[in-house]
1. Taking a virtual spin label 7 Å from the Cα of residue 29 along the C-beta vector, which residues in the stretch 40-73 bring their backbone nitrogen under 16 Å of it?
2. To make sure I understand, if each residue's beta carbon is the centre and we count other beta carbons within 10 Å, what order do 22, 9 fall in, fewest to most?
3. Treating the beta-carbon of each Lys and Arg as +1 and of each Asp and Glu as -1, no other charges, what is the dipole magnitude of the chain about its Cα centre, to the nearest 20 debye?
4. Out of residues 5 or more away from residue 18 or on other chains, whose amide H comes under 5 Å of its own, with H placed 1.01 Å from N in the peptide plane?
5. Viscosity 1.306 mPa s, temperature 10 °C: what is the translational diffusion coefficient of the chain from Stokes-Einstein with a Kirkwood Rh over Cα pairs, rounded to a whole number of µm²/s?
6. Within the stretch 7-29, name every residue whose backbone N is under 11 Å away from a label modeled 7 Å from Cα of residue 64 along the Cβ vector.
7. Which value in deg cm²/dmol, rounded to the nearest 500, describes the helix-derived mean residue ellipticity at 222 nm for the chain, given -39,500 (n - 2.57) per DSSP H run of n ≥ 4 and division by the residue count?
8. Going by amide H atoms built from the backbone, whose H comes under 5 Å of the H on residue 90, apart from near neighbours?
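Every read-out reported here was derived from the displayed coordinates using simple, explicitly stated rules and does not represent laboratory data. Owing to the predicted nature of the structure, the values given are computational and were not obtained by experimental measurement. We place every Cβ from the backbone using ideal geometry, glycine too, and count neighbours over all the protein chains shown.
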Amino acid sequence: MLAYYVEWHMRRAFAPLLFDDHDKLSAERSRRSVVAPAQRSPKALRKARLKKTDDGSPVHSFHTLLEDLASVAKNYIKPEGLELDPFVKITNPTPLQQKAFDLLGVSPYRM
C-alpha cells in the first residue's frame with residue numbers, strides 16, 4: 001500500500017513531464033456538468049498531440065521516466081596505485097532528470 005501511495009505522489013509531481021493532465025482546473029471548467037464525462041485540458045491535449053512538454057522536451061510515461069532516472073548512478077571510486085582516498089562520484093543528471101528531481105524536491109547528490 002505504501003508503494004502505491006508513493007507512486008501516486010510521484011505521478012502528481014511528475015505530471016508536467018508525463019502524458020498525465022497537469023491542468024485539472026481547466027479540464028474541470030470544460031465539463032458541462034459534474035456527471036458529464038471528464039474532459040482533458042487543452043494543455044494535456046497539446047502534449048498528447050505533439051508528444052512534447054511546454055518547454056519542448058519529450059513527454060514520458062511514468063515507467064519510461066523512471067527508466068531514465070535509473071541511469072543516475074552513485075559510483076564508489078578507489079584509485080589504485082595512488083595515495084588517494086576512495087571517493088564517491090554521482091553521475092551528472094541530464095536536464096530532464098534534473099527537472100524531475102526538482103519537481104520531487106530532492107537532490108541526486110544527497111543519495
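1. The answer is 40-46.
2. So the ranking, lowest neighbour count to highest, is 9, 22.
3. Here the size comes out at about 780 debye.
4. 60
5. Calculated translational D: 96 µm²/s.
6. 18-19
7. -12000 deg cm²/dmol
8. 75
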